[in-house]
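Trainee: Okay, handing you the structure first.
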Amino acid sequence: MKRKGIMICGLNGAGKSTLGKEIACRWNAEWIDNEQLYFSNEGEYGTFCSSQTARHRLYARIDDSTQANRPFIYCCVNNEDDDLLSYLDGVVYLSIGKEDSQARIRERSKRQFGTRLAEDKALQEREEAFFESVRRKDTGKIERWIESLERQGVPVLRLDAMASIEANANQIERWITTIKKNRVETQDIVC
């Protein structure tokens, strides 16, 4: 039996990681952040591996036999890897407007780097390039992907990223309980 978890997705700044950590704590689940999969093993900020390496790292963590009975919470902007769907109980989509997304990632950058951001020209340029890449993201692409998942019958929970972490975490818990209950009832009928 495959290990199961949920994927939390949405634009940068939607609060995926914060919400994912909250749910992981509540469920004693493994929290997997897609961004961390791309960093080098040494954790050097700004040194990224290939998407193929990141994919291998994701599946190595999901397939880790020492974690077989422990759910996982996987946070990413989106992941269109169809193989991943068989591991998921469902997908949580945190919806956020571009302006709110931009404001949140700029605030996060200020918290993370503090005065260094104003003093380090290379860091400042890298962060501005990141802000610009987020600004240019096609929000419609993520929405179309979510709609395609719904058409495939993948359980999707749409949440407002501007709602409180507590409110969204509570909604996820109710939603996943319903999914698991329905799965058990369906298995009972088939047997």
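The values are calculated or read from the model by the stated rules, or taken from the named source; none is laboratory data. Because the structure is a prediction, the values reported are computed rather than measured. In this analysis, Cβ positions are derived from the backbone assuming ideal geometry, glycine residues included, and neighbour counts consider all displayed protein chains. Side chains included, ligands, DNA and RNA excluded: accessible areas come from the protein's heavy atoms. Shrake-Rupley method; radii C 1.70, N 1.55, O 1.52, S 1.80 Å.
Trainee: Scan segment 70-107 for residues that are within 13 Å of Leu149 (Cα to Cα) and among the aromatic types (Phe, Trp, Tyr) and report the count.
Mentor: Within segment 70-107, residues that are within 13 Å of Leu149 (Cα to Cα) and among the aromatic types (Phe, Trp, Tyr) number 1.
Trainee: Next question. Suppose the filter is open to solvent by 50 Å² or more (accessible area, probe 1.4 Å) and not charged (D, E, K, R); does Ala54 pass it?
Mentor: Spelling it out, it is not the case that Ala54 is open to solvent by 50 Å² or more (accessible area, probe 1.4 Å) and not charged (D, E, K, R).
Trainee: Still on this structure, I have one more. Identify all residues within segment 13-38 that are open to solvent by 30 Å² or more (accessible area, probe 1.4 Å) and either basic (Lys, Arg) or within 19 Å of Gln112 (Cβ to Cβ) (or both); write none if there are none.
Mentor: Selection gives Ser17, Thr18, Lys21, Arg26, Trp31, Asn34, Glu35, Gln36, Tyr38.
Trainee: Filtering segment 58-91 down to residues that are within 16 Å of the chain's Cα centre (by Cα) and in a helix (DSSP H, G or I), which residue is modelled with the lowest pLDDT?
Mentor: Among them, the one singled out is Asp82.
Trainee: Continuing with the same structure: Test each condition in (1) touching a Lys or Arg at 6+ places or on another chain (Cβ under 9 Å); (2) within 16 Å of Met7 (Cα to Cα); (3) of a type in the set (A, V, I, L, M) for Val156 and report the one that comes out false.
Mentor: (1)
Trainee: Working only within segment 151-186, note down all residues that are open to solvent by less than 80 Å² (accessible area, probe 1.4 Å) and among the acidic types (Asp, Glu).
Mentor: Across segment 151-186, the qualifying residue is only Glu173.
Trainee: Return the pair list, or none, for Cβ contacts closer than 7 Å from residues in segment 102-113 that are open to solvent by less than 90 Å² (accessible area, probe 1.4 Å) to residues that are among the acidic types (Asp, Glu), at least 6 apart or on different chains.
Mentor: Note: pairs meeting the criteria are Ser109/Glu127.
Trainee: A further question on this structure: Kindly establish whether Ser133 is hydroxyl-bearing (Ser, Thr, Tyr) and surrounded by 14 or more Cβ atoms within 10 Å (Cβ to Cβ).
Mentor: For Ser133, the condition - hydroxyl-bearing (Ser, Thr, Tyr) and surrounded by 14 or more Cβ atoms within 10 Å (Cβ to Cβ) - is not met.
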